[in-house]
Amino acid sequence: MTTAALIVAAGRGTRAGGGLAKQWRPLKGRQVIDWTLDVFADAGIDHIALVLSAEDSEARARFEADSRLTLTEGGAERSQSVLNGLLALQCQGVTKVLIHDAARPCTSQILIKRVLEALDSAQAAAPALEVTDALWTGSNGQVTGTRDRSGLFRAQTPQGFHYATILAAHQAHPGGSADDVEVARAAGLDVTIVPGEPDNIKITRPEDFARAENILRTKADMDIRLGNGYDVHRFGPGNFVTLCGVEIPHERGLQGHSDADVGMHAVTDAIYGALAQGDIGQHFPPSDPQWKGAASEIFLRHAASLAREMGFEISNVDCTLVCEFPKIGPHAAKMRSVMADILGLEAARVSVKATTSERLGFTGRSEGIASLATAALVKL
């Protein structure tokens, strides 16, 4: 199965104000169309066709360098623009196509997946919201009557189809359709309704920009990342170990290129993991002599700083030390305080605990100490 998205961006959208077609208007630091394109690219769609107006030569020049996109020119009306986009996707092996309005930048990947999955058993599928409000007719500012809302839905995009079927339907259609579902039904296709999303708004009026920005901000706020870290260091000569930034007297020390703080290393790697930014070894290579004997708080501070640079707040970290000796309990509170200070967190958001391995394995034989950690990050 090869999927494609056809993004229709050839309209002029004057009701939205601002002197520009709405797809080119700014929205939360970017253009409306950038949000729309990214959600489909991030959803793993194989091909994206972008239909632009002949008047948008500046936009075409901008997008020509984008390897994700196949560009084509729109027509005098929406149905012609869609047909041009469908034709641009020929010879790319497309089996399923999603047709979407560029002015719907708040579409979710969940909705995209829902429409695609519906096409496994349906000729066509489109999202919609059931009408729940009372419906009136009106004239000159006065209510003139009511309408039964039973069986009425508010249509959304992306509307999904089997590629060859919707291409044939558009080629046979005389034009003038409200959307692609109308074209499909005119060709005799059954269209399955899938649940739409209230946030999947179409920007039409000036006030819709503020609403869309609030939706996108909320979606960003919901970006929660979890990362795991694991580290091991063996015992060797020494009379203390450093664990989570605290020196603890012990009959042996831990061996490593840095100070071998196995707990802090695991927490650092958990943060890097949540950010998808590799591990300590990539940022501080053990082959580099400057890190020999280095304090592990350098690594942890770097991971915390990187999280902030990438727009994330560390919500909490949880570290488990696995060893028979030394005993961790008497030092856990200080460990939490030290790491909280480095991370810029309240101590209540830092957990340090210990367990044994019931004298099994290398930790059970007191050959070394292992540590496991989890970090939770939230997009600011």
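Since every read-out is calculated from the coordinates, none of them should be taken as a lab result. Worth saying up front: this structure is predicted, and the values here are computed from it rather than measured. Methodologically, a virtual Cβ is constructed for each residue, glycine included, from the backbone with ideal geometry; neighbour enumeration extends over all protein chains shown.
See the values below:
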| item | result |
| --- | --- |
| Peptide ranges 145-151, 246-252 listed from the most packed, as the mean C-beta count within 10 angstrom indicates | 246-252, 145-151 |
| Relative frequency of Cα-Cα separations exceeding 11 Å in segment 211-252, percent | 76 percent |
| Rounded to whole Å, sorted largest first: equivalent-ellipsoid semi-axes of the chain, Cα gyration tensor | 57, 22, 20 |
| Diffusion coefficient, µm² s⁻¹, Stokes-Einstein with Kirkwood Rh over alpha-carbon pairs of segment 1-141 at 4 °C and 1.567 mPa s | 79 µm²/s |
| Kirkwood hydrodynamic radius of segment 1-83, from inverse mean 1/r over distinct Cα pairs, in Å | 13.3 Å |
| The chain: antiparallel DSSP beta bridges as a percent of all, rounded to 5 | 60 percent |
| Karplus 3J(HN,Hα) series, Hz, for segment 273-281 with 6.51 cos²θ - 1.76 cosθ + 1.60 (x for Gly, Pro) | x, 4, 8, 6, 10, x, 9, 4, x |
| C-alpha long axis of helix 109-118 to longest principal axis of the chain, angle in ° | 60 degrees |
| Förster radius 51 Å - calculated FRET efficiency between Leu20 and Leu152 (Cβ-Cβ, nearest 0.05) | 0.95 |
| Rg and Dmax [Cα atoms of segment 78-209; Å; Rg one decimal, Dmax integer] | 16.3, 54 |
| Gly368 long-range amide H proximity, modeled H, under 5 Å | Phe235 |
| Pairwise Cα inverse-distance average, inverted: Kirkwood Rh of segment 306-352 (Å) | 11.7 Å |
| Relative contact order %, the chain, counting alpha carbon pairs below 8 Å whose residues are six or more apart | 14 percent |
| Extension gain from Asp223 to His302, taking 0.36 nm per residue of separation minus the Cα-Cα distance | 26.3 nm |
| Using θ = phi - 60° and Karplus 6.51 cos²θ - 1.76 cosθ + 1.60, couplings along segment 288-297 (whole Hz; Gly, Pro as x) | 8, x, 5, 9, 5, x, 5, 5, 5, 5 |
| Extreme residue, positive dipole direction of segment 3-221, given options Val131, Gly141, Gly85 (C-beta unit charges) | Gly141 |
| Nitroxide proxy distance, nm - points 7 Å out along Cα→Cβ at Arg60 and Val131 | 4.0 nm |
| Exposure proxy order (Cβ contacts within 10 Å, fewest to most) of His47, His100, His283 | His283, His47, His100 |
| Helix 332-343 axis, angle to the chain major axis (alpha carbon atoms, nearest 10°) | 50 degrees |
| Dipole magnitude of segment 36-168 about its Cα centre (Cβ charges: Lys, Arg +1; Asp, Glu -1), debye to nearest 20 | 340 debye |
| For segment 179-309, convex hull volume per residue from C-alpha positions, Å³ | 199 Å³ |
| Extension gain, Phe240 back to Glu346 (0.36 nm per residue minus Cα-Cα distance, nm) | 35.4 nm |
| Segment 3-221, relative contact order in percent, only Cα pairs under 8 angstrom and at least six apart counted | 24 percent |
| Rg(Cα)/(2.2 N^0.38 Å) for segment 224-379, N = residue count | 0.98 |
| Helix-derived mean residue ellipticity, 222 nm - over the chain, DSSP H n ≥ 4, -39500 (n - 2.57), to 500 | -9000 deg cm²/dmol |
